[in-house]
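Data first, discussion second: the structure below is written as structure tokens.
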Amino acid sequence: MKWRKRLLQVLRWSVMTVGGVSTAALGFSSAAEQDTGVGALRDSDHDRVLLPNTLNATADDRYAQHRSHSSHSSHRSHRSSGSRGGIRRTVPAPVPQPQESPQPGSPAPSAPSTVAPQSPRGRPQPTPQDLSMMVVRVQAALMRRGFYVGDIDGILGPVTRAGLKAFQKSEGLAQTGRMDIDTLTRLGISIP
Amino acid sequence: MNYETLPFRYGRLPGLSAQVLVTSPVGEYLFLSEDDFLKLANFKLDRTTELYRDLRNRQIVCDSERGPFLRGLEAQQRTRKQFVNEDPALHIFVLTLRCDHRCHYCQVTPKHASERGFDMGGAAANAALDRVFESRAEVLTIEFQGGESAFAFPRLCRIVEAATARANETGRRVRFVMATTLHRMTDDMLAFCRDRQIELSTSLDGPRHVHNANRPNPARDSFERTVEGIARARAICGHERVAALATITRHSLPYPREIVDTYTELGFDSIALRPISPFGFAVKAQEKLGYATEEYLQFYREALNHLIAVNLAGKVIEESYAALLLTRILTPFPTGYVDLQSPAAAGRNVLVYNYDGGVYVSDEGRMLAEMGDDRFRMGSVHESLAKLRASDAMRIINDAGDAERLPVCSDCVYVPYCGADPVFHVATQGDPVGHRPTSEFCQRHTGLFHILFEFLAAGEPDALRVLLSWMTRRSVSELVHPGYRG
Amino acid sequence: MGKAILKVLTAEEARGSDVDPSRCLIWRDSAEVPRDWSMARRWAGVLCNDRIDEKESAEAAIVLDGIETPGVIAPGDVVRLVEGGPLVSVLYRRGSNSNTLFATERCNSFCVMCSQPPRDVDDRWLVEEMIDTIPLIDCDEVQLGISGGEPTLLGDDLLVVLHQARRHLPETGLHILSNGRRFADSDFARCVWAVRHPNVTWGIPVYSDCREIHDYVVQAKGAWDETLEGLYNLAKFNANIEVRVVVQRGNVERLGELAYFIFRNLTFVKHIAFMGLEPMGFARANYDRIWIDPVDCGEYLKDAAFFLANRGMAVSLYNFPLCTLPGELWPLAQKSISDWKNTYLAECAVCDVRDRCCGFFASIDERWTSRGIRPISASGAFGVARKAGATDEMA
């Protein structure tokens, strides 16, 4: 049984750490097995979860906030409200890129079906916000593939560029350190 | 296959017929009837029963293709044994062997108050401090022992000042504990202890007749002077800065209630009922003061019953060893008590700096050296921690320090809660592994576990609330409801 | 489908605000045109409960007037306007105790008592909506929920949302309801951690120590293993975790064992909430399988809650009206039901502890009503509370 060996490692961890027992004594015979034994344990040191001692934690109110926010669930439209007057576009919106707006200039009757509020978000030009979100996706994709270990902060800095280059190298792409289409595709990121 | 078993251990308690105690590799437990136990062992348990699910919850059986819940087992084991990765936190300074008491059970060979050559010198003290600060332990504890530390108070002051300065420079935390009879502590000395937040630990063996029989001093007034010292120390340093422990001798055995009552009358909220040690004087005085382990356990049981009644009547007082054992039984958390660990913590989590500059794995190791066996001397204060750790002394500790692998221990139902004590077994049996059936350490701990598990099996709510209050360090009245009994 | 997410602000607040003027919908108390209307061309539009004369509002791009239910929208809110639809949806309400972003309708579990049954639809537009909404939320908001569906199904989109929240609402605690199964993928847990949001709490359900019971409740085989693995992966990255246990017929008998399991294996959990059923969604259809009168849960709740509380773990009871609970448990009971779906019954009118009681879900009906419902008189309650060692003052 595979888990029994793992269990033995788990239970024997302290003794192995102390050095009071050789791996042979644990039943690891071949060198390969010793590797999976001690080596695997060393690796999983990074994974260790320790159980914090809760005893005699003073009865604090750490969670007072959550208590007041305990039963939320979605309520997308629960407070939706109809409007007798409806939403009316009266003039072309003085905001950029009004391409999508229908019938510019014609004052709409106050029927709800006529209206199109202007989307305030510009389409063609990526805003700094869009760029930052793209970087978030790239950093996550790199991290998952082992090419990035920094924070996912949406900033295309030297560490992220280095990660991109390393990834590009491993994929046989030009090492530009940029988020070009090929690289994004290989990272599994679709371009909006 | 129906289900699989993890390497559980089992045992039967003398006071509990027709029940079998089963413990998991990390110390989760369940009581089973003889019938259910046989079913468990023969893989005949019905998987749809609550009992089966309880056993699976406690990692005694499993049935998933993935095996047992290994993440939980690993977290529990690592949490309990984390100390093996830690540096020494407890640093015991034996400042002097001089003392004015001639306690029959004393573990030290005391020297007269005026004798020379038995005090720690400045060079040794400074080197010992180097070792203390070489340790990366989160909180460092410096404990002053003797002899009577008060006889070496100027040295103690210099060590405290130097350690405080070094701690402040390096952002470390240091606690100080001073073991003292308090008799020799003047108001000025106590004021120093107050200013440096030194915790005082004294010996109080019970009512006057017990205490004075155990702890003779020239004037035969040790009890009165101890009580006076406690009052003065509390007045100057603060009530909570003074702790006491009781050593139990043959004189003490008839008086479990009186000893407990002495503590409550003096306003202590903790008592330690410490058995007599087989070291030093105590071996010679064995005839006069010693007793069979069974007698100690009888005493302990009576004291425990009395303590529970006292707590239920509204006084808050714990027995600290029971609190320690319960924490090991009922929680996944580590305990810092260095004398009951597996792997043994001697030399790893505690270091003893003798007055002469020798470094020992434990206080008992030092006493053994006084008696001519220096195998637990790790080296000198002038050697690095790494070198001390690589000493032959540590090899002995490591080889015989893993209770889970020791003969008899490895099959004992209590081993998840117990420890290994190679130094004790060298002292009493001449061998670091030792022979379990005749080991006082084993008999005593087995007996203590029997007593506590009887309480847990009986499930009497009031008694449980008291025991729980010791473990959780809350007052009984705070525990509105005992909660699930598990 | 054209739509806009806009912040409702008074002209005065809008002028002093950091919010992009083109995202501001200006709140007007009356049809009266403000004198200082100089910003009008930069604002997205104007909103008024009354009718606004078209000539007067000619300056504004969007005019929203004649609101049918005045009082629903107020300054500070964030609203969604949809092209061609008469509805204005309030996505964020200033001053509410239960603001929640809705992440997706999709879910990989199918809980028998789910109050918000999942639908397998392509609703990626909700991600855009969250990203647009977050910068418009008051930056001093204390807490914001993210719910679904299963938010972790968003995958890397969830990272983007968390990143957006970290940038725009660094002071706001996020409370994310998830089944935690996706975190069985340690890499995903690592990525979430790497976003470094300073204040996220994950509300994750563990319904039983017993794999079969949990998997039955969530109607997904292997879910218990995934959730537990996920909890450990989150703990590895020091995540703030709250375990949520909806108490129902199928798991109530092992509640004590669950508490024991949590204490032995999951003490990194910061808070445990035992929750009463909400009579909505699947819960209504599965009444026979899940309903248990809260009165019959009392002993189990006491066992489980005090087992944990005695050992220093933070425990709360949600959605249990006080009159259905043993007095000892009152100090643990919270006013847990979100304001917008909270109601009280006729009996409550004369109850002396109504003010500190969670009350009921508005969806309650006869068969979801406990037989224990009754008004508590101050004198009687006082006696119970005293016995419980409660220090709260009575109304």
Check: Among the numbered criteria (1) within 25 Å of B:His306 (Cβ to Cβ); (2) surrounded by fewer than 18 Cβ atoms within 10 Å (Cβ to Cβ), which single criterion is violated by B:Arg194?
Finding: (1)
Note to self: Tell me yes or no: at least one residue of segment C:210-230 is free of Cβ contacts under 8 Å to residues at least 24 places away in the same chain and touching a His at 6+ places or on another chain (Cβ under 6 Å).
What the structure shows: yes
Margin query: Step by step: first the residues of segment C:268-279, then only those that are closer than 30 Å to C:Tyr232 by Cα and not in a strand (DSSP E or B), then the one that is farthest from the chain's Cα centre (by Cα). Which residue is that?
Written below: C:Phe268
Margin query: Looking for something buried (at least 17 other Cβ atoms within 10 Å of the Cβ), at pLDDT below 95, assigned to a loop (DSSP other than H, G, I, E, B) and charged (D, E, K, R) - is there at least one such residue anywhere in segment B:123-145?
Written below: no
Margin query: What are the pairs with Cβ atoms under 7 angstrom where one residue, in segment B:105-125, is free of Cβ contacts under 8 Å to residues at least 60 places away in the same chain and the other, located anywhere, is among the basic types (Lys, Arg) and assigned to a loop (DSSP other than H, G, I, E, B)? Sequence gap at least six, or different chains.
Written below: B:Pro110/B:Arg102
Margin query: I want to confirm something. Restricting to segment C:246-267 and keeping residues that are in a helix (DSSP H, G or I) and touching a strand residue (DSSP E or B) at 6+ places or on another chain (Cβ under 7 Å), which single residue is nearest to C:Gly203 (Cα to Cα)?
Written below: C:Ile262
Notebook entry, point to check: From the list B:Val160, B:Val174, which one is closer than 22 Å to B:Arg234 by Cα, under 26 Å from the mean Cα position of the chain (by Cα), part of a strand (DSSP E or B) and modelled with pLDDT of 95 or more?
Noted result: B:Val174
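Would you call C:Glu253 charged (D, E, K, R), within 22 Å of the chain's Cα centre (by Cα) and at pLDDT 95 or above?
Working: charged (D, E, K, R): yes; within 22 Å of the chain's Cα centre (by Cα): no; at pLDDT 95 or above: yes.
The answer is no for C:Glu253.
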Margin query: Of all residues being within 21 Å of B:Asp339 (Cβ to Cβ) and among the hydroxyl-bearing types (Ser, Thr, Tyr) in segment B:353-391, which is farthest from the chain's Cα centre (by Cα)? Just the residue, please.
Written below: B:Ser391
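Mind checking whether some residue in segment C:324-340 is away from every other protein chain (no Cβ under 12 Å) and among the charged types (D, E, K, R)?
no
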Note to self: Out of the residues in segment C:65-86 meeting the condition of being more than 17 Å from C:Leu101 (Cβ to Cβ) and more than 7 Å from chain A (Cβ to nearest Cβ), tell me which one is surrounded by the fewest Cβ atoms within 10 Å (Cβ to Cβ).
What the structure shows: C:Gly71
Next item on the list: Determine which single condition B:Val433 fails, assuming it passes every other condition in (1) part of a loop (DSSP other than H, G, I, E, B); (2) aliphatic (A, V, I, L, M); (3) out of contact with any helix residue (DSSP H, G or I) (no Cβ under 6 Å at 6 or more places or on another chain).
Entry: (3)
Check: In segment C:261-294, which residue that is small (Gly, Ala, Ser) and surrounded by fewer than 22 Cβ atoms within 10 Å (Cβ to Cβ) is nearest to the other protein chains (Cβ to nearest Cβ)?
Finding: C:Gly281
Checklist line | Filtered residues of segment B:14-58 (kept if part of a strand (DSSP E or B) and either in contact with an Asp or Glu (Cβ under 8 Å, 6 or more places away or on another chain) or of a type in the set (Gly, Ala, Ser) (or both)) | finding: B:Gln19, B:Val20, B:Leu30, B:Ser33
Next item on the list: Looking only at segment C:247-260, decide whether some residue is within 12 Å of another protein chain (Cβ to nearest Cβ), buried (at least 22 other Cβ atoms within 10 Å of the Cβ), of a type in the set (Phe, Trp, Tyr) and over 22 Å from B:Val26 (Cα atoms).
Entry: no
Check: Residues of segment B:206-245 being within 23 Å of B:Phe176 (Cβ to Cβ) and either part of a strand (DSSP E or B) or in contact with a Pro (Cβ under 8 Å, 6 or more places away or on another chain) (or both), which ones?
Finding: B:Val242, B:Ala243, B:Ala244, B:Leu245
Item checked: Enumerated strands (runs of 3 or more DSSP E) restricted to segment C:120-215, each holding at least 1 residues that are more than 10 Å from chain A (Cβ to nearest Cβ) and either surrounded by 23 or more Cβ atoms within 10 Å (Cβ to Cβ) or touching a strand residue (DSSP E or B) at 6+ places or on another chain (Cβ under 8 Å) (or both) -> C:173-177, C:200-205
Next item on the list: Mind listing whichever residues of segment B:34-84 are surrounded by fewer than 22 Cβ atoms within 10 Å (Cβ to Cβ), aromatic (Phe, Trp, Tyr) and modelled with pLDDT of 95 or more?
Entry: B:Phe37, B:Phe43, B:Tyr52
Check: Any idea which of (1) of a type in the set (A, V, I, L, M, F, W, C); (2) closer than 26 Å to C:Arg356 by Cα; (3) away from chain B (no Cβ under 14 Å) is the one C:Leu317 doesn't satisfy?
Finding: (3)
Next item on the list: Could you grab me the full set of residues in segment B:153-180 that are touching a residue at least 60 places away in the same chain (Cβ under 8 Å) and either in contact with a strand residue (DSSP E or B) (Cβ under 6 Å, 6 or more places away or on another chain) or among the acidic types (Asp, Glu) (or both)?
Entry: B:Leu156
Notebook entry, point to check: Which one is farthest from the other protein chains (Cβ to nearest Cβ) among residues in segment B:68-94 that are within 25 Å of C:Trp224 (Cβ to Cβ) and touching a residue at least 24 places away in the same chain (Cβ under 8 Å)?
Noted result: B:Arg80
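Table: residues versus (1) in contact (Cβ under 8 Å) with a residue 40 or more places away in the chain; (2) touching a strand residue (DSSP E or B) at 6+ places or on another chain (Cβ under 9 Å); (3) within 30 Å of B:Ala75 (Cα to Cα).
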residue	(1), (2), (3)
C:Val269	yes, yes, yes
C:Asp288	no, no, no
C:Trp291	yes, no, no
C:Asp303	yes, no, yes
C:Tyr318	yes, yes, yes
C:Cys348	no, yes, no
Checklist line | Identity of the residue in segment C:295-314, buried (at least 22 other Cβ atoms within 10 Å of the Cβ) and over 10 Å from C:Leu255 (Cβ atoms), that ends up nearest to the other protein chains (Cβ to nearest Cβ) | finding: C:Phe306
Margin query: Tally up the residues in segment B:456-486 that are away from chain C (no Cβ under 14 Å), surrounded by fewer than 19 Cβ atoms within 10 Å (Cβ to Cβ) and touching a residue at least 60 places away in the same chain (Cβ under 8 Å), please.
Written below: 2
Notebook entry, point to check: Looking at segment B:3-13, which of the residues that are in contact with a Phe, Trp or Tyr (Cβ under 8 Å, 6 or more places away or on another chain) and outside any strand (DSSP E or B) is surrounded by the most Cβ atoms within 10 Å (Cβ to Cβ)?
Noted result: B:Leu13
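The values are calculated or read from the model by the stated rules, or taken from the named source; none is laboratory data. In this text the structure is predicted, and so the values were computed from the model without any measurement. Glycine also receives a Cβ, built like all others from the backbone with ideal geometry; neighbour counts cover every protein chain displayed.
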